[in-house]
Amino acid sequence: MSEEKNYILPKAVLVLSLCVLFLAGGCAVETERSSGGFTDQEILAEFTIAKGGDPILLPVRFKGKEYSFIPDTGLTLTGFDTSFRQSLGKAKGTKIVLTPGGPTRVELFDAPVAFLGPFNMQECGHVICADSGMLTFVSSIEGRKISGCVGMNFLMNHVIQIDFDKGKLLFLEPTTGKRPDLGEELAIKYNPQGIPQISGNILGDIKVDFMIDTGANTTGALDSKIFKNILAKKQMKTSETLFATLAGTMRRRRARMSKISGGPFEYQNLIFAEGNGSQLGLLFLARHIVTFDFPNSKVYLKKGKEFDKVDETDMSGLHLLRISGKTVVYSVDEDSPAHKAGIRHNDIILKVGNKDASEYDMWELRRLLMSGDKKKIVMTTKRGDNVKEVSFLLEKKI
């Protein structure tokens, strides 16, 4: 019988009202100098990603085809969709992975010959097979096929710079010594599952070790105990949102934290969810140019164009999927503006304003639905053979 161990997967956490993962293409570039102006390290590989806080996909080549994978520092082991199972050979056993939705059992395989740019992903040693149904669900959230996640057993060997302003992700040649040109240096610690953490502070007096999670399409989360203690001491508005994990979907509360600090930086009024652990997600990282120097256990943060961006969340109550090219309502929050306008589960959104809904990428559409309190949204919906136009005003929840 194969040995079983617990590995953390504090994600496949994807916020339905916020998340999207879009890649604008990628290519390997060897032995060039960084074009970001922050380092003269050699570039081992360069990929083009969407700018701003749009989540990241990278191209992985496997058996002559290219697939989109999420680079996920919140995942211990690299994961392939179960549609690859027959190509991965004989399973080496099973593992229990821990998600915000609870423990989930997955199969473990020897890492196959697959390439991310010039890198052979056999350096991972082992990979897991993630549930195909959940990744199909995530693909519907994002509006494009997602085939797996690149976890820490690959990423920990590399220096990775993400420039969210320019839309570039670089793999850099490792160096030693101080690198003030890269920004402010913060020490990385690793939890028992090998997930990187940095120390921070909430509300001036609550010390927190945050997991760094590039696969979480949120600003962040606070451990449930910390979250509840803060709510007990402070009067804060909260709202609920829908999350999808490998163990299923769930609802979690969110609230604005008036002050958060990490290293020399201070942040105001960021939105954090209640979670099974504390984490900093992609929308937090996107405020910076980030350089992960995993071999030297450091991360560098440099202020980006969106450092002072106002943190917002969905103001419509809609949770949308893109299925076979159609924009479908997965669920509607009760008493939300969209619910009061009569939009319901399984309705199809045909138009937003005068524009076909299919012409929006999913991140663009979700940005629109968090774009301002009292902003009027007009949609054309279809339920069965009934087509009608509805309108509602966005409502800021927190």
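The values are calculated or read from the model by the stated rules, or taken from the named source; none is laboratory data. Worth saying up front: this structure is predicted, and the values here are computed from it rather than measured. Neighbour counts run over all protein chains shown; Cβ positions are idealised from the backbone, glycine included.
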Residue list for region 360-398, filter: in contact with a Lys or Arg (Cβ under 8 Å, 6 or more places away or on another chain), under 18 Å from Ile343 (Cα atoms) and in a loop (DSSP other than H, G, I, E, B): Leu394, Glu395
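Residues are listed down the side, and each one gets a yes or a no for (1) in contact with a Leu (Cβ under 7 Å, 6 or more places away or on another chain); (2) in a strand (DSSP E or B); (3) at pLDDT below 95; (4) at positive phi:
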| position | (1), (2), (3), (4) |
| --- | --- |
| Lys178 | no, no, yes, no |
| Leu222 | no, yes, no, no |
| Ser239 | no, yes, yes, no |
| Leu242 | yes, yes, yes, no |
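Let's see how each residue does on (1) at pLDDT below 95; (2) surrounded by 14 or more Cβ atoms within 10 Å (Cβ to Cβ); (3) among the aromatic types (Phe, Trp, Tyr):
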{"residue": "Tyr267", "(1), (2), (3)": "no, yes, yes"}
{"residue": "Gly277", "(1), (2), (3)": "yes, yes, no"}
{"residue": "Leu285", "(1), (2), (3)": "no, yes, no"}
{"residue": "Ile289", "(1), (2), (3)": "no, yes, no"}
{"residue": "Leu320", "(1), (2), (3)": "yes, yes, no"}
{"residue": "Tyr330", "(1), (2), (3)": "yes, yes, yes"}
{"residue": "Asp335", "(1), (2), (3)": "yes, no, no"}
{"residue": "Ile349", "(1), (2), (3)": "no, yes, no"}
{"residue": "Asp356", "(1), (2), (3)": "no, no, no"}
Residues in region 203-213 that are within 27 Å of Asp54 (Cβ to Cβ) and at pLDDT below 95 total 1
Of a type outside the set (Lys, Arg) and outside any helix (DSSP H, G or I): does that describe Phe210? yes
Please indicate, with yes or no, whether at least one residue in region 345-356 is without any contact (Cβ under 8 Å) to a residue 24 or more places away in the chain, out of contact with any strand residue (DSSP E or B) (no Cβ under 7 Å at 6 or more places or on another chain) and in a loop (DSSP other than H, G, I, E, B). yes
Return yes when Gly167 is closer than 13 Å to Glu46 by Cβ and in the same structural domain as Pro118 (by TED's automatic domain parsing) and no when it is not. yes
Residues of region 180-209 that turn out to be closer than 24 Å to Ala255 by Cβ and either of a type in the set (D, E, K, R) or touching a Phe, Trp or Tyr at 6+ places or on another chain (Cβ under 9 Å) (or both), as a count: 8
Here are Ile56, Ile70: which of them is within 16 Å of Met152 (Cα to Cα) and part of a loop (DSSP other than H, G, I, E, B)? Ile56
Please work out if Ile398 is more than 28 Å from Ile146 (Cα to Cα), hydrophobic (A, V, I, L, M, F, W, C) and not assigned by TED's automatic domain parsing to the domain that holds Asn269. yes
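Do we find that Thr94 is of a type in the set (Val, Ile, Thr), touching a Gly at 6+ places or on another chain (Cβ under 6 Å) and not in a helix (DSSP H, G or I) in this structure?
Criteria not met by Thr94.
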